[in-house]
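Peer 1: Sharing a structure, written as structure tokens. Questions coming.
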Amino acid sequence: MLRRSFNITLIKNETEMREPAKRKGVLIRAMTEADLDRVMAIENRTFPNPWRRSFFASDIYRPDALCIVAEDQTGVIGYLVAWGREEVHIANIAVAPEARRQGVGTKLMEAAIEFTRHQQAENIYLEVRITNTGAQKFYRRFNFVPTYIRRGYYENGEDALVMERELD
């Protein structure tokens, strides 16, 4: 499968995938079912309307998906789920509150962009709450630009800003 070969490539050289500057010893690797308790703990602490465990469990086996975790000596501290072929959708990304602003999200986004290139997709996109200006600023660092608004996208009726990046 294409996804499996990508994951093998992704974790082939663990030294390259470690966070060198900020949070030491961070490894980006494929998500497994054994990670789901910790993933759900982060998900529930991060989002007002968290995904169900079954969403993560099914995406792990989705052939066009990238499901990865960031792990340090304490365990899983972040994750990212993306899928697609012609275009890649970052469906979910989160970092544990105690691990934020330490380069973990950057490593996850870099892996998603690499996955997009591997898929030979033309672009990568995501939705972010219109009020989450901190996340919007973070995504801009990776050359994501706002493209349009999805009205009432979130369960509470809040709009989502769709941001995307064209790959060269």
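Peer 1: Going by average Cβ neighbours within 10 Å, how do the peptides 66-74, 53-61 rank, with the highest at the top?
Peer 2: 66-74, 53-61
Peer 1: Continuing with the same structure: Who wins for biggest fluctuation among 154, 79, 125 in a Gaussian network model of the chain, springs between alpha carbons below 10 Å?
Peer 2: Maximum among the listed residues: 154.
Peer 1: Output wanted: per-residue J couplings in Hz (rounded whole) for the range 152-166, from phi through Karplus 6.51 cos²θ - 1.76 cosθ + 1.60, θ = phi - 60°, x for Gly and Pro.
Peer 2: Those phi angles translate into x, 5, 8, 4, 7, x, 5, 6, 10, 8, 8, 10, 9, 9, 7 Hz.
Peer 1: With a cut-off of 8 Å between alpha carbons and a minimum separation of six or more residues, what is the relative contact order of the chain in percent?
Peer 2: Relative contact order of the chain: 17 percent.
Peer 1: Provide the gained length on full extension for the span residue 151 to residue 53, in nm with one decimal, where the gain is 0.36 nm per separating residue minus the Cα-Cα distance.
Peer 2: Details: separation 98, 0.36 × 98 = 35.28 nm, distance 2.61 nm.
Contour length minus Cα-Cα distance gives 32.7 nm.
Peer 1: Expressed as a whole number of Å, what is the distance separating the alpha-carbon centroids of the range 22-41 and the range 90-133?
Peer 2: Each part reduced to its Cα centre gives a spacing of 14 Å.
Peer 1: Let's test the formula: R0 of 30 Å, r as the Cβ-Cβ distance of residue 32 and residue 159. What FRET efficiency results, to the nearest 0.05?
Peer 2: Numbers: r = 34 Å, r/R0 = 1.15.
Taking R0 as 30 Å, the efficiency between residue 32 and residue 159 is 0.30.
Peer 1: Still on this structure, please answer the following. Evaluate the distance, in nm, between pseudo-label points positioned 7 Å from the Cα of residue 87 and of residue 60 along their respective Cα→Cβ axes.
Peer 2: So the label points at residue 87 and residue 60 sit 3.0 nm apart.
Peer 1: Just name one of 31, 163, 94: the one whose Cα is farthest towards the positive end of the charge dipole of the chain (beta-carbon charges, Lys/Arg +1, Asp/Glu -1).
Peer 2: Farthest along the dipole direction, towards plus: 94.
Peer 1: Run lengths n ≥ 4 of DSSP H only: what is the helix-derived mean residue ellipticity at 222 nm for the chain, with -39500 (n - 2.57) per run over all residues, to the nearest 500?
Peer 2: On the way: 6 runs with 57 residues, N = 168.
Mean residue ellipticity, 222 nm, calculated: -10000 deg cm²/dmol.
Peer 1: Give the calculated FRET efficiency between residue 24 and residue 46 to the nearest 0.05, with a Förster radius of 30 Å applied to their Cβ-Cβ distance. Provide the component values of the computation, followed by the final result.
Peer 2: Details: r = 23 Å, r/R0 = 0.77.
Computed FRET efficiency for residue 24 and residue 46: 0.85.
Here, each number is a calculation from the coordinates, and none is a lab measurement. All values reported here derive from a predicted model rather than from experimental measurement. Here the Cβ is made from the backbone with ideal geometry for all residues, glycine too, and neighbour counts use every protein chain on show.
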